[in-house]
Amino acid sequence: MDTAWAFRASYNKACTLVHRQDKFCAAVKKGRWSSIRGQNFPKDLEWEALADVIRGKVKVHTHCYEAVDFNGIARLTNEFKFSIAAFHHAHEAYLMPEPIKKAWGKTPALFQYKRERRLEALNLQHRFCWTTGCMFLSSITTTLAEVLGLDHCIGYLRAEAAAAVKYEGLPPLIPQKQFQNVIFQNVNSVWFRVDGKLGIEKTFSAQPGSVGTVVVQNGKITCTGSCENSIEHGYTTLDLVGGSLSPGLTTKDGDMFDPLTGSGPSILGGDSSVIREEDGLQLAYISGIMTAITAPAHSGVFSGSPSVSTQIATLRRLLFGGGKSGLEAAFAAVTDGDIPLVVSAESANVIATLIHLKKEVEIGKALKLTISGAAEAHLLAAELGATDVGVILSPVRLFPSKWQQRRILPKSSTHGTKRRFSVDSSQCNCWTCRPGSMDSRNARFDAAWVALEAGLLDKHALSLVSSNLEKLLGAEVSSEEANPMAYYGGDIFEK
């Protein structure tokens, strides 16, 4: 009741502001200047946003879970005459279809995520039925565009463009054109992997007022710049209109079963089984992501461990050969320096302990240690560099939601990166986007953000989301194995 009252009180004040503004404008329109002499147009910064909601200028998206909440919001919209664009999560929406339909204005859309969709599908399957495939397609195209207020530019195939689409039924789900030999014309720049510490260099940059050509043969770049002598018959020509070719990006993405929690299925070999991370590599070509490295789901060094000291003790025992079967072999490869050990840690105190553990374990061969998360890693920049410990800053823009993250850098997790974490040092600082499939698509935008805040060169920013991340996670890709991504009308940071 207190929440409902707070909503009603706020919207009532917004309605009062709208009424005063309308009264003022009506007087101006009818020329009743004496009634508003000495007055200014009514403004109130506190309530102007809700006033725009009542006027229909703002689309309202709200998290709503329980049936009673849907009923309360629907009544609120009818009392103050504003519409809801969408309910998010909407766990119990299937219990309240009629109240939701009675909300003022257009019926709100429902946005659901991950397992919520699976739960809701079970509840809605007897209530709703797609009569055609086009209705289902609309739910992820035109409906979403309208809910977001972007239907003027996305979501619809306009009549004038319909003739260009030559298929029946739903759109094809596989690429319709695949080329091995391609000539890219009007190319402004080319970024390419080079075998070495940095991994990314600009191998071609067009002179002002001119553009270049790139020849790709059997999926590999064979010529950049002036390539008249390299062009043969049978090549497909594509105009990039001043675009660019850049390495495919890499992200640390998704979760899989963690056998270190002590509940490994017997079919996998029990508690001593180890999942091969390379089996979780996923290829995705959306938004420039070409490789996703899937790591075990976890919370801390080992999930379920009761304390930091216990976690460190467990890790020390495994590094000194205390594991069984596949687990022992995996940690033997870690101590031999064949594969990296990636540890999730935020606190500078825990990171310092891991640095000491690395020194303790190393005998003859260097241990490849990478710290993921690393909210307070900037406090130990010198120590991390001296011991060759890699850092994955995740998420890009940290917020101290935990006590262990209270000493983050101001502004963002990468503010001052150029000063405190040298990309050219032996430390090999690295960045990755927030964990989760939804955030991976923003990798190149976040890389550009980091570059601007930290004052990094473009090649360093590209390295942070490709070669550096691969190196720290033990999935290095040589220049011979790399596949480029073409960008139309600009480079990776402009489009």
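Here, each number is a calculation from the coordinates, and none is a lab measurement. Keep in mind that this is a model prediction, so the values were computed, not measured. Neighbour counts are summed over all protein chains in view; Cβ atoms, including those assigned to glycine, are modelled from backbone coordinates with ideal geometry.
How do 85-97, 201-213 rank on mean C-beta neighbours within 10 Å, highest first? It would help to have the intermediate numbers written out before the result.
Numbers: 85-97: 18.4, 201-213: 13.8.
My ranking of the peptides, most packed first, is 85-97, 201-213.
Calculate the FRET efficiency for THR107 and TYR488 from the Cβ-Cβ distance with a Förster distance of 35 Å, rounded to the nearest 0.05.
Efficiency, rounded to the nearest 0.05: 0.40.
Can you give me the convex hull volume of the Cα atoms of the stretch 1-122, divided per residue and expressed in Å³? If you can, show how the numbers build up before the last one.
Values: hull volume 13.6 nm³, N = 122.
For the stretch 1-122, the hull spanned by Cα atoms encloses 111 Å³ per residue.
Shape of the stretch 52-115 from its Cα gyration tensor (a ≥ b ≥ c, root eigenvalues): rounded if a/c is under 1.5, otherwise prolate when a/b > b/c, or oblate?
oblate
Quick check on packing: order 359-367, 14-22 by the mean number of other C-beta atoms within 10 Å, highest mean leading. Mind dumping the intermediate values first?
Values: 359-367: 12.3, 14-22: 17.0.
For the peptides 359-367, 14-22, the packing ranking is 14-22, 359-367.
Roughly speaking, what is the centre-to-centre gap between the stretch 1-38 and the stretch 324-358 when only Cα atoms are used, to the nearest Å?
63 Å
Amide H to amide H under 5 Å from VAL389: which residues, 5+ apart in sequence or cross-chain, H placed 1.01 Å off N in plane?
Correct list: empty.
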